[in-house]
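Peer 1: After the structure tokens below, expect a handful of questions from me.
The values are calculated or read from the model by the stated rules, or taken from the named source; none is laboratory data. If you're wondering where the values come from, they're calculated on a predicted model, not measured in any experiment. Reconstructed Cβ throughout: ideal geometry from the backbone, glycine too, with neighbour counts over all protein chains shown. Each accessible area value is taken on the protein alone, full model and side chains, heavy atoms only, with ligands, DNA and RNA left out. Shrake-Rupley method; radii C 1.70, N 1.55, O 1.52, S 1.80 Å.
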Amino acid sequence: MNLMRRALLGTLWAILGWRPSSAKESGPASGEETMQTEAEASSVTPRHVLCFLGRDSDLSHLSEAALQAITDFAAGFSIDEDYSQAEPDDRMSRSFDVCWDRVEPDAWDQADEKAVADHQSVLYILGPSMAQAETVKVSMLALRLVEHLIGAGAVAVKGESAGIAHGLDRWRELIRQGAAAQKAADRLAQQRIGRLAFAKRPLSARGYLESVGFHLVGLPDVYVPDTAGSEKQIVAIMDAVADEIAERGLEPTLKDRRASLSFNSTYEMDEFKFNPYGIVRLGG
């Protein structure tokens, strides 16, 4: 787990130097926390960064599909022209390896790994900065964008903002669930599906297992003591706490769970993984 966490801290978006709105330039040593106030944290607005791999070196198929989607339904998203490339990136296999979702059974397979290894082009799409009230809506648009680009020939997809990757079959299932939740106008279901699609869990953090990326659907991240059970049990606790916050609100959940809200994070405010809505820490 510690190796995976260190690798995630160095995923490709960090190498490329992307930053969200509001930023400090210096960062803590890996694993150290920085003190932030709620007011400071609230100045940060999350955004999606999506990575799509193409099967051939003609990037126009994916870029034209992306531009059409942006015109049709994904206003505010944009292609990153600086880092998209019509050639393979030899860092991708390692990057996807540390980002695959290891919670959902069969979230990827050997065909997905081979598609990553054999890719010939890379397209990055940047989402808009999101107000908290807009996070679920924009995350559903991001999921539609993933659907559109898979249909246009993307062979692998990764969410860079939390460092999460799924195989194409798993992406299609999340897309199906998201569409059903939108049709039913079920915001709680949309929020849950967006969280499963674009957040990563669990990662280790000095006596805790943590989530990363819950801010992409407007929620604080959740830290659970690593003594609370197996990884599978702790992930279930994380998901239950997130659902309780979404359904009942933050304060009742903190009270019932005997938890605290903190804005001290191992991520700097200029990192996409920084959660401006804080961290819910469960007691030991």
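Each row is one residue, and each column tells you yes or no for (1) surrounded by fewer than 18 Cβ atoms within 10 Å (Cβ to Cβ); (2) farther than 19 Å from residue 201 by Cα.
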{"residue": "218", "(1), (2)": "no, no"}
{"residue": "222", "(1), (2)": "no, no"}
{"residue": "227", "(1), (2)": "yes, no"}
{"residue": "251", "(1), (2)": "yes, yes"}
{"residue": "256", "(1), (2)": "yes, yes"}
{"residue": "261", "(1), (2)": "yes, no"}
{"residue": "274", "(1), (2)": "no, no"}
{"residue": "283", "(1), (2)": "yes, no"}
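Peer 1: Filter segment 83-122 for residues that are open to solvent by 50 Å² or more (accessible area, probe 1.4 Å), in contact (Cβ under 8 Å) with a residue 40 or more places away in the chain and farther than 25 Å from residue 195 by Cβ and give the result.
Peer 2: Within segment 83-122, 83, 91, 94, 111, 118, 120 qualify.
Peer 1: Additional query: If I filter segment 96-103 for residues that are at pLDDT below 95, part of a loop (DSSP other than H, G, I, E, B) and not acidic (Asp, Glu), do I get at least one hit?
Peer 2: Scanning segment 96-103, I find at least one residue that is at pLDDT below 95, part of a loop (DSSP other than H, G, I, E, B) and not acidic (Asp, Glu), so the answer is yes.
Peer 1: Moving on. Could you count how many residues in segment 29-78 are under 26 Å from residue 132 (Cα atoms) and either open to solvent by less than 50 Å² (accessible area, probe 1.4 Å) or at pLDDT 95 or above (or both)? Give the derivation first.
Peer 2: Quick first cut of segment 29-78, residues under 26 Å from residue 132 (Cα atoms) only: 33-52, 66-67, 69-78.
From what is left, the residues that are either open to solvent by less than 50 Å² (accessible area, probe 1.4 Å) or at pLDDT 95 or above (or both) are 34, 36, 41, 44-52, 66-67, 69-78.
Total satisfying the criteria: 24.
Peer 1: In addition: For segment 257-278, does any single residue satisfy the condition of being under 26 Å from residue 144 (Cα atoms), of a type in the set (Phe, Trp, Tyr), in a loop (DSSP other than H, G, I, E, B) and over 13 Å from the mean Cα position of the chain (by Cα)? Before you say what the answer is, go through the steps one by one.
Peer 2: Let us first name the residues in segment 257-278 that are under 26 Å from residue 144 (Cα atoms), namely 271-277.
This time we only want the ones that are of a type in the set (Phe, Trp, Tyr), so: 272, 274, 277.
Filter again for in a loop (DSSP other than H, G, I, E, B), leaving 272, 274, 277.
Checking which are over 13 Å from the mean Cα position of the chain (by Cα) leaves us with 277.
Within segment 257-278, one or more residues are under 26 Å from residue 144 (Cα atoms), of a type in the set (Phe, Trp, Tyr), in a loop (DSSP other than H, G, I, E, B) and over 13 Å from the mean Cα position of the chain (by Cα).
Peer 1: State all residues of segment 173-200 that are among the charged types (D, E, K, R) and either touching a residue at least 40 places away in the same chain (Cβ under 8 Å) or over 13 Å from residue 104 (Cα atoms) (or both); if no residue qualifies, say none. Even if it seems obvious, please write down each step before you answer.
Peer 2: The first filter runs over segment 173-200 and keeps only residues among the charged types (D, E, K, R), leaving 173, 176, 183, 186-187, 192, 195, 200.
Result: 176, 183, 186, 187, 192, 195, 200.
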